[in-house]
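Read-outs throughout are calculated quantities, based only on the coordinates presented, and are distinct from any laboratory measurement. The structure displayed is predicted, hence computed values, not measured ones. Cβ coordinates were reconstructed from backbone atoms using ideal geometry, including for glycine residues, and neighbour counts include every protein chain displayed.
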């Protein structure tokens, strides 16, 4: 941990990611509360808002990974922040006018731009850390994610309740500006920013983009371990779609309809505490366990905890299962975050993300679409959504159990990482 934080470039990138994600979490949750309060009889609007965060992946997947591998990763991440800050200003004005279709269009565009940030940032991280530091960085990122869960939803609820949707959007915009400034002042080697050498926009025509995207697909197909992981990611997308709306729907329509904002914040608190503790333990234990052991065990136990959430009629029993779910999701994410960079060559990291993200988001969008269409007319209880999510977790866990142990030795022996040069 000390070695990672001794790397000034990593520290700046880390806090750039933190500020960007924290602001987005607050803004997104505040917007969800806004929709549920003003359109309580139309729960599909909250689901549609979540779709605006996932569908853009399917619109830009062809170019996202290719750009992260062919163009300057630092500039891509930085400009992504600037553009999102500008779109947040427009979103602020649109909420004032209360024209829903413009609001949803801007949410779509802002999310589409964000899809360029993370592959570029992940590629930069891979270029400034050694292979031995990947899992520690993965555990650290999960601990930060848990802090978002601890405070993001709660702050979103508090800011929306006390200050309103406009201040939530102001914080959103400021977070992107801070993130962009941190990235701008990073000093990163050219080899980490441009792993495939110099390119320009003219070279990234449709044919070249399609050819690079196809190379990413062929690279995945040639690596059986990576291929099997990504097949599981498709089902993860359905799971993510369910969990994107379940906390708010559970509190609003089942356990606490009169005080759902407060209990939705408690959901985030319990889930975040679980992930924080689980991430801290997984970072240490992960050095002794094989990644597939942590991954499979975490998925199967999380599936059991999800069934428990669906069966719970008491808020506190429900929150206990929420904590267990967060605790077991941590080793899942830590193992994946530490494993993928070891499997993938640095020059292909963007193109692999260009395939993995749309695979998950396609499934997530289908899941959210089904929920928007069927809840609460056909799917009359949120419990059934929990059972469906748990069943999918069981399928992924068994699939990984049958495939990953025998493939776990197929780890790419990567080239030495590009370390930063201190100014």
In a solvent-free Debye calculation with one equal scatterer on each Cα, what is log10 I(q)/I(0) for segment 72-118 at q = 0.25 Å⁻¹, listed in the order of the q values? -0.81
Please compute the alpha carbon radius of gyration of the chain, then divide it by the globular-protein estimate 2.2 N^0.38 Å. Two decimals is fine. 0.94
Exposure proxy check on 403, 306: fewest-to-most Cβ neighbours within 10 Å is 403, 306
Please report 66, 170 as a ranked list, fewest other C-beta atoms within 10 angstrom at the top and most at the bottom. 170, 66
Could you grab the relative contact order for the chain? Cα pairs under 8 Å, six or more apart, rounded to a whole percent. 29
Please say if segment 223-372 is rounded, prolate or oblate, where rounded means a/c under 1.5 for a ≥ b ≥ c the square roots of the C-alpha gyration tensor eigenvalues, and otherwise the choice is prolate for a/b larger than b/c and oblate otherwise? oblate
Between segment 340-402 and segment 83-107, what is the separation of their alpha carbon centroids in Å? 28
Residue order, fewest to most beta carbons within 10 Å, for 212, 258: 258, 212
Looking at the chain as a GNM with Cα springs under 10 Å, which of 38, 292, 189 has the largest mean-square fluctuation? 38
Starting from the Cα of residue 374, step 7 Å along the direction of its Cβ; do the same at residue 189; then give the gap between the two resulting points in nm. 5.1
Gaussian network model of the chain, springs between alpha carbon atoms under 10 Å - residue of 192, 391, 16 with greatest fluctuation: 391
If the chain between residue 381 and residue 277 were fully stretched, how many nm would it gain, using 0.36 nm times the residue separation less the Cα-Cα distance? 34.3 nm
Which value at 222 nm does the chain reach when only helices count, each DSSP H run of 4 or more adding -39,500 (n - 2.57), with the total divided by all residues and rounded to the nearest 500 deg cm²/dmol? -27000 deg cm²/dmol
Can you figure out the FRET efficiency of residue 181 with residue 59, using R₀ = 30 Å and their beta-carbon distance, to the nearest 0.05? 0.60
Theoretical gain in end-to-end length, residue 221 to residue 4 [0.36 nm per residue, Cα-Cα removed]: 74.9 nm
Taking a ≥ b ≥ c as the square roots of the eigenvalues of the Cα gyration tensor, with a/c under 1.5 meaning rounded and otherwise prolate when a/b exceeds b/c and oblate if not, segment 193-309 is prolate
Run the quick spin-label model on residue 311 and residue 11: label points 7 Å from Cα toward the beta carbon, then report their separation in nm to one decimal. 4.9
